[in-house]
Amino acid sequence: MRLLSITPPENSNDAQRLLDEAFASAGEAHAAIPERLRARIILPRPIETTEISVNIQKAFWGELAARSMPVILIVVFALCLDLLAPLVLFATAQKRTVPERIVGIRDRARRIRNAWEVPLSADLESVKITVQEAPALRIRISVPAYRGGPLVDIDRDFAEVTEEVCRETARSMMLATVKTASGKPLVDGSPLLDQLGDEREVLLSYQPKTDPDFGAYSGEVN
């Protein structure tokens, strides 16, 4: 029977080879034992790595359930290592003053309120704007469909359209009429979509601006 040396070899491959030879020698010696006695002797066999891992886990959880102080210290130390990185980031982060924190909270609250009030895409209606004096302009606006749309304010709602018409025609223009596709004039202070009905189109008509003093003095010049 092959005996192992008390001094382990330096090379892991040599150690594994010697261990395998020792277990093989033990198997041969076990086979040489009379069958009557062989049943009473357990054949030694190498321990698998998976068995070692399972045994270590069972031992760890058993000691933790028993509230073993070394195991508790190991768990506390592991938690401290896990929390070390975020604690370092928190300690090195730039500290804000109380007024800056208050301003930041108010800014976040305002953005949340604005996001809550912004209508979803499904709650928007597309309205076509047709300018009779500039048919080449293709203008569409999206308006909230809630409660018949926004209240009409002609001077405010079509101010940008007026500026675009002035650039397109290269002259100073003023809004003359605002009508629906069916020819019905729009009324200030009433919901836009309710006035348009099923026809999502607004017809705008412009006329050139005239100098009010020109008409007054034109007779004298003539």
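The values are calculated or read from the model by the stated rules, or taken from the named source; none is laboratory data. Since this is a predicted model, take the numbers as computed values, not measurements. Neighbour counts run over all protein chains shown; Cβ positions are idealised from the backbone, glycine included. For the accessible areas, the whole protein counts, side chains as well, though only heavy atoms, and no ligand, DNA or RNA atoms are used. Shrake-Rupley method; radii C 1.70, N 1.55, O 1.52, S 1.80 Å.
Per-structure values
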| quantity | calculated |
| --- | --- |
| Residue that is farthest from residue 117 (Cα to Cα), among those in region 137-146 that are in contact with a strand residue (DSSP E or B) (Cβ under 7 Å, 6 or more places away or on another chain) and either assigned to a helix (DSSP H, G or I) or open to solvent by 80 Å² or more (accessible area, probe 1.4 Å) (or both) | 140 |
| Filtered residue count, region 84-114, keeping only those that are open to solvent by 70 Å² or more (accessible area, probe 1.4 Å) and under 30 Å from residue 146 (Cβ atoms) | 7 |
| Near pairs, Cβ below 7 angstrom, 6+ apart or cross-chain, from region 176-195 (farther than 23 Å from residue 208 by Cα) to any residue that is surrounded by 12 or more Cβ atoms within 10 Å (Cβ to Cβ) and of a type in the set (Gly, Ala, Ser) | 191/148; 191/149; 192/149; 193/145; 193/148; 193/149; 194/148; 194/149 |
| Inter-residue pairs, beta-carbon under 9 Å, first part of a helix (DSSP H, G or I) and in region 84-106, second open to solvent by 100 Å² or more (accessible area, probe 1.4 Å), 6+ apart | 104/96 |
| Top-ranked residue of region 147-166 - restricted to ones that are of a type in the set (A, V, I, L, M, F, W, C) and open to solvent by less than 30 Å² (accessible area, probe 1.4 Å), ranked as nearest to residue 117 (Cα to Cα) | 152 |
| Evaluation of residue 155 against (1) among the acidic types (Asp, Glu); (2) in contact (Cβ under 8 Å) with a residue 40 or more places away in the chain; (3) part of a helix (DSSP H, G or I) (one fails), failing number | (2) |
| Subset of region 136-166 that is of a type in the set (Gly, Ala, Ser) and more than 35 Å from the chain's Cα centre (by Cα) - its residue that is farthest from residue 124 (Cα to Cα) | 136 |
| Conditions (1) in contact with a helix residue (DSSP H, G or I) (Cβ under 6 Å, 6 or more places away or on another chain); (2) modelled with pLDDT of 85 or more: number failed by residue 43 | (2) |
| Region 44-65 residues that are in a helix (DSSP H, G or I), paired with ones that are modelled with pLDDT of 65 or more (beta carbon under 8 Å, 6 or more apart) | 60/71; 63/70; 63/71; 64/71; 64/72; 64/75 |
| Answer residue from region 167-194, given it is outside any strand (DSSP E or B) and buried (at least 17 other Cβ atoms within 10 Å of the Cβ) and is farthest from the chain's Cα centre (by Cα) among those | 186 |
